[in-house]
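Below is one structure, written out as structure tokens; the observations come after it.
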Amino acid sequence: MSETRSPRGGFVTDRLETLFALQNELAEMYHQHRPQGFYAQEPITRCTTWTRALIHEACELEDELNWKPWKNTRDLQASREHRLDETSDILHFFLQLALDQGFTADEIFEAYKRKHAENRRRQESDPAYSAHHS
């Protein structure tokens with residue numbers, strides 16, 4: 001795990017790399033506890049399971065976000081902890097999906113920056129964006 005100097009002094013551990021390492025440790029533990037189980041499969045063959053898990057976890061989060069306009073809404077602050085857990089579940093499956101495809105934290109970071117820049121360029125080249133920011 002890499003560390004960088006914080007603007008406030010001291011060192012900061014790269015959190016994305018830490019998450020990747022924690023997820024990898026968890027996958028290894030699963031494989032050790034169940035050597036013939038799901039984690040015995042080739043990593044790339046598990047990816048459709050992770051994409052499906054991501055979708056289902058996103059739906060569970062969506063249920064906490066009052067997406068049904070025909071129902072009485074719930075207090076979102078009261079469900080904050082549950083929404084945080086559902087978001088964490090999404091991250092868990094995302095990390096395993098990335099690991100099983102052989103992606104590193106650095107590759108995900110670079111891909112994110114590339115897509116971020118592309119999305120900004122798209123918006124900034126849209127005449128509707130220009131009209132609101134003149």
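The values are calculated or read from the model by the stated rules, or taken from the named source; none is laboratory data. Keep in mind that what you see is a predicted model, and the values were worked out from it rather than measured. We place every Cβ from the backbone using ideal geometry, glycine too, and count neighbours over all the protein chains shown.
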Hey, Glu42 hits all of (1) within 24 Å of Met29 (Cβ to Cβ); (2) touching a helix residue (DSSP H, G or I) at 6+ places or on another chain (Cβ under 7 Å); (3) among the acidic types (Asp, Glu) but one; which does it fall short on? (2)
Answer residue from region 60-92, given it is among the small types (Gly, Ala, Ser) and more than 18 Å from the chain's Cα centre (by Cα) and is farthest from Leu19 (Cα to Cα) among those: Ala78
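Table: residues versus (1) in contact (Cβ under 8 Å) with a residue 24 or more places away in the chain; (2) assigned by TED's automatic domain parsing to the domain that holds His31.
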residue: Thr48; (1), (2): no, yes
residue: Lys68; (1), (2): no, yes
residue: Leu95; (1), (2): yes, yes
residue: Ala98; (1), (2): yes, yes
residue: Arg114; (1), (2): no, no
residue: Asn119; (1), (2): no, no
Quick check, is Asp89 surrounded by 12 or more Cβ atoms within 10 Å (Cβ to Cβ), of a type in the set (Asp, Glu) and without any contact (Cβ under 8 Å) to a residue 12 or more places away in the chain? no
Kindly check whether there is at least one residue in region 85-101 that is outside any helix (DSSP H, G or I), charged (D, E, K, R) and more than 20 Å from Asp14 (Cβ to Cβ). no
Identify, please: which residue in region 48-86 is farther than 30 Å from Glu28 by Cβ and among the hydroxyl-bearing types (Ser, Thr, Tyr) and is, among those, surrounded by the fewest Cβ atoms within 10 Å (Cβ to Cβ)? Thr73
